[in-house]
Amino acid sequence: MSVLGYFDGKFIDVENDKIIGMEDRGHQFGDGIYEATRFYNGKCFQLKRHLDRCMSSLKKVRMTVPYTADDLAKLHEELIEKSGFKNGVVYFQFTRGTAPRDHHFPNVKPHLSMSIRSSEVNEQQQAEGVKCFLTEDIRWHHCDIKSLNLLGNVLAKQAADDAGCYEAVLYRPDTKEVTECGSSNFFMIKDGVLWSHPTNNLILKGITLSVLLEDIAPAIGVKVMEKEFTPEFALTADEAFITSTSLEVTPCIELGGKVIGNGKIGEITLKLQKAYKEAVKKECF
Ligand code: PSZ
């Protein structure tokens, strides 16, 4: 098996071409940013929003790269075309380059690496929902940057897995606010209102979240409250769900050992999930 990828100007075999050096800043410092995009029917969904977020992440970490958003869009097209995949995910990361280990910015060119994988949306999981673990958010205060520093996310997701859960819902221990999940955004519904953490520095502004809050909720008349809420409040939710590029809208049917609603996908969640799939259809088919 080989995985198609791209590194600094060349298409590569991700599994066999050893191209990243020991002193890559991504390896030594987690000094870089990344993106994950999904394509359906050979066509990227919401690529502009992903590339805008990528450019914003780069700016926030003070990294200048020799690629425009158009260059990155073209590389996506080429990877999809070469792979022959219809549905899947592209992961790409920029690191600050390779240089002798020293914290200060080196005077070298950043690296761009990309990989493409075929994958289908997990329809069964979206129908049945997943159990979520509730744990402290131990991450830094720049979670709006899609940075390669994912240790807090990795530890939380492993703790969730150890507890037999699919995802970890995180809350800040100091302010007692639910932020997001290990690798997705968290939403709850109470008395017909969709609650979501404000899109500030404590969460990644998910592209799936943006599609839901900016495009879908207003169009189908779901009332949104972008405001902090506590884990205790989350435990009283009528419905809950998590979102990401890979998961789309996936119901959360259990949180911290407590069943949410009747343990099945909620009515409003189902409406949002369906509308999201419609948006995909409209854009990619
Ligand atoms: O394939 C995967 O495992 C993916 S693809 C995207 C993600 C995981 N996660 C993105 C993410 C995240 O890592 C955190 C911490 N919060 C929210 C999200 C959701 O972002 P979008 O909707 O842009 O994918």
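The values are calculated or read from the model by the stated rules, or taken from the named source; none is laboratory data. Every value quoted in this text rests on a predicted model; they were computed, and no experiment measured them. Because the Cβ atoms are built from the backbone with ideal geometry, glycine has one as well, and the counts that use them run over all protein chains shown.
Taking segment 224-259 as the range and being in contact (Cβ under 8 Å) with a residue 60 or more places away in the chain, under 25 Å from Val121 (Cβ atoms) and not in a strand (DSSP E or B) as the test, the residues that pass are Thr245, Ser246, Leu247.
When restricted to residues that are away from the ligand (no atom under 16 Å from the Cβ), outside any loop (DSSP other than H, G, I, E, B) and over 25 Å from Cys44 (Cα atoms), segment 98-131 contains 3. Filtering segment 227-244 to residues that are surrounded by fewer than 20 Cβ atoms within 10 Å (Cβ to Cβ) and either touching a helix residue (DSSP H, G or I) at 6+ places or on another chain (Cβ under 6 Å) or more than 19 Å from Asp137 (Cα to Cα) (or both) leaves Thr236, Asp238.
Against the condition out of contact with any Cys (no Cβ under 7 Å at 6 or more places or on another chain) and on the phi > 0 side of the Ramachandran plot, how does Gly30 come out, does it pass? Considered against the rule, which asks whether it is out of contact with any Cys (no Cβ under 7 Å at 6 or more places or on another chain) and on the phi > 0 side of the Ramachandran plot, Gly30 comes out as yes. Applying the criterion of at least 3 residues that are within 13 Å of the ligand (Cβ to nearest atom) to the strands (runs of 3 or more DSSP E) found wholly in segment 132-210 leaves 167-172, 177-181, 185-190. The residue list Glu283, Glu267 contains one member that is farther than 25 Å from Lys43 by Cβ, of a type outside the set (Val, Ile, Thr) and at pLDDT 95 or above, which is Glu267. Residues in segment 101-117 that are touching a residue at least 40 places away in the same chain (Cβ under 8 Å) and either buried (at least 17 other Cβ atoms within 10 Å of the Cβ) or not charged (D, E, K, R) (or both): 10 in all.
Kindly indicate which of Ala127, Ala159 is surrounded by fewer than 20 Cβ atoms within 10 Å (Cβ to Cβ), among the small types (Gly, Ala, Ser) and touching a Ser or Thr at 6+ places or on another chain (Cβ under 6 Å).
Numbers: Ala127 fails: touching a Ser or Thr at 6+ places or on another chain (Cβ under 6 Å).
Only one candidate passes the filter, namely Ala159.
Can you go through Lys176, Lys258 and tell me which one is among the basic types (Lys, Arg) and touching a helix residue (DSSP H, G or I) at 6+ places or on another chain (Cβ under 9 Å)? Step through it out loud before you land on a result.
Working: Lys258 fails: touching a helix residue (DSSP H, G or I) at 6+ places or on another chain (Cβ under 9 Å).
The unique qualifying residue is Lys176.
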